[in-house]
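Since the structure comes first, as structure tokens, the remarks are kept for the end.
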Amino acid sequence: AKSAGGNRFEYADEEADARAITRHGLTTALPAALERGEFFIEYQPLVHLGDGSVHGAEALVRWCHPQHGVLGPDRFIPLAENTGLIVPLGRWVLQEAVRQARFWQDEAPGGHPATGPLRINVNLSPTQLHHPGLVAETVDVLERSGLEPGALCLEVTESALIGADDDLLKPLRQLAEMGVDIALDDFGTGYSNLANLRRLPVSVLKLDRSFTQGMQQHPADPVDIKIVEGIVQLAHSLELAVTVEGVETGAQAQQLRALGCDTAQGWYYARPGAPDRIRSLALVDAV
Ligand code: C2E
Ligand code: CA
Ligand code: CA
Ligand code: CA
């Protein structure tokens with residue numbers, strides 16, 4: 001849509017072009033970036049709402065781009081999804097995060113007296129779910145690291161599982177049978193049929209940040225309170241644990257604890273950071 005509109009349109013077009021070039025540039029740079037080791041992982045603690053003890057950590061990938069600096073996953077995960085590079089990238093994240101979890105456990109074998117050894121959460125994208133090697137590769141990564149399957153939680157978004165047929169659920173079932181936890185990420189945003197939950201091999205619901213935001217108002221949004229109350233009741237009746245994300249204030253934490261949520265994650269506790277930070281949080285905690 002060039003011309004006619006004059007400068008404004010041309011400017012908009014140039015901007016769109018620049019974005020497209022960046023997207024294109026980032027996309028083509030992805031494979032070499034993986035080979036050169038430009039990706040790294042930050043870890044964000046998951047804490048028990050009851051006593052604030054560290055339950056584990058979620059692995060969140062970043063790209064240290066030689067020209068653009070550190071890029072968040074929202075900038076490159078969709079590109080990696082489109083090109084299929086998410087499969088080797090996701091494999092690297094899993095391997096690295098599991099290795100790190102095993103390292104934490106070796107440093108503090110018993111973990112916290114109340115919560116046991118640190119656990120690790122890793123995000124799985126839809127393409128990885130469809131990849132036939134998923135189960136074998138996960139088994140391999142666990143065996144090589146020596147991490148017990150029960151210390152790993154794979155996070156799958158609710159939207160990735162909407163309308164999922166048995167072919168898609170089979171690998172998740174196999175992993176769940178081995179003892180790997182499966183969490184339904186961004187829960188509450190995907191309009192999935194709640195009755196459908198029984199069919200899914202999940203053991204954790206990760207309530208989307210939008211609900212946590214409703215708890216920030218004073219008083220908290222009464223509709224959000226009702227919804228969270230309902231979800232927690234349903235989850236617990238199905239023997240699922242409830243994690244809340246995006247907890248930024250003590251008031252939110254208090255409200256969500258009162259509503260019966262089990263674990264929480266958010267800036268109120270800690271931002272994503274270097275692996276040492278998790279270790280020091282967990283060890284301080286264990287003393
Ligand atoms: P997610 O799985 O929902 O991860 C939570 C996001 O919320 C993270 O953003 C985290 O940094 C951010 N966050 C944590 N606490 C707070 C808080 O208190 N307030 C606010 N406003 N935000 C908070 P991040 O690291 O930018 O990751 C974005 C998304 O990228 C993730 O959303 C996940 O879907 C995806 N992602 C990250 N790492 C991986 C990966 O290794 N593989 C795949 N497939 N996806 C990944
Ligand atoms: Ca996640
Ligand atoms: Ca999430
Ligand atoms: Ca999210």
Scanning the range 155-179 for residues that are at pLDDT 95 or above and within 16 Å of ligand 4 (Cβ to nearest atom), the one nearest to Thr243 (Cα to Cα) turns out to be Glu155
Which of (1) charged (D, E, K, R); (2) under 22 Å from Leu154 (Cβ atoms); (3) within 16 Å of ligand 4 (Cβ to nearest atom) is the odd one out, the single condition Arg99 does not satisfy? (3)
Please find, among Gly133, Gly150, Gly146, the residue that is more than 21 Å from the chain's Cα centre (by Cα), surrounded by fewer than 18 Cβ atoms within 10 Å (Cβ to Cβ) and within 22 Å of Ala59 (Cα to Cα). Gly146
Determine if the range 189-209 includes at least one residue that is acidic (Asp, Glu), in contact with a Phe, Trp or Tyr (Cβ under 7 Å, 6 or more places away or on another chain) and within 16 Å of ligand 4 (Cβ to nearest atom). yes
Filter the range 154-186 for residues that are among the small types (Gly, Ala, Ser) and touching a residue at least 12 places away in the same chain (Cβ under 8 Å) and give the result. Ser159, Ala160, Ala164, Ala176, Gly179, Ala183
Those residues of the range 187-201 that are within 26 Å of Glu148 (Cα to Cα) and either within 16 Å of ligand 2 (Cβ to nearest atom) or assigned to a loop (DSSP other than H, G, I, E, B) (or both) come to a total of 2
Can you find, within the range 60-85, the residue that is least open to solvent (accessible area, probe 1.4 Å) among those that are within 16 Å of ligand 4 (Cβ to nearest atom) and farther than 16 Å from Glu42 by Cα? Glu81
Anything in the range 252-266 that is in contact (Cβ under 8 Å) with a residue 12 or more places away in the chain and open to solvent by 40 Å² or more (accessible area, probe 1.4 Å)? List them, or say none. Gln255, Arg257, Asp262
Residue in the range 187-201 that is free of Cβ contacts under 8 Å to residues at least 40 places away in the same chain, farther than 27 Å from Thr212 by Cβ, open to solvent by 50 Å² or more (accessible area, probe 1.4 Å) and away from ligand 3 (no atom under 16 Å from the Cβ) present: no
Which count do you get for residues in the range 221-242 that are modelled with pLDDT of 90 or more and open to solvent by less than 50 Å² (accessible area, probe 1.4 Å)? 9
In the set Val247, Val242, the lone residue that is of a type in the set (Val, Ile, Thr) and assigned to a loop (DSSP other than H, G, I, E, B) is Val247
Give the residue that is nearest to ligand 1 (Cβ to nearest atom), with candidates limited to residues of the range 202-220 that are open to solvent by 40 Å² or more (accessible area, probe 1.4 Å) and in a helix (DSSP H, G or I). Arg209
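The values are calculated or read from the model by the stated rules, or taken from the named source; none is laboratory data. No experiment lies behind these values; they were computed from the predicted model shown. Using ideal geometry, Cβ is built from the backbone for each residue, glycine included, and neighbour counts are taken over all protein chains shown. Heavy atoms of the whole protein, side chains included, go into the accessibility calculation; ligands, DNA and RNA do not. Shrake-Rupley method; radii C 1.70, N 1.55, O 1.52, S 1.80 Å.
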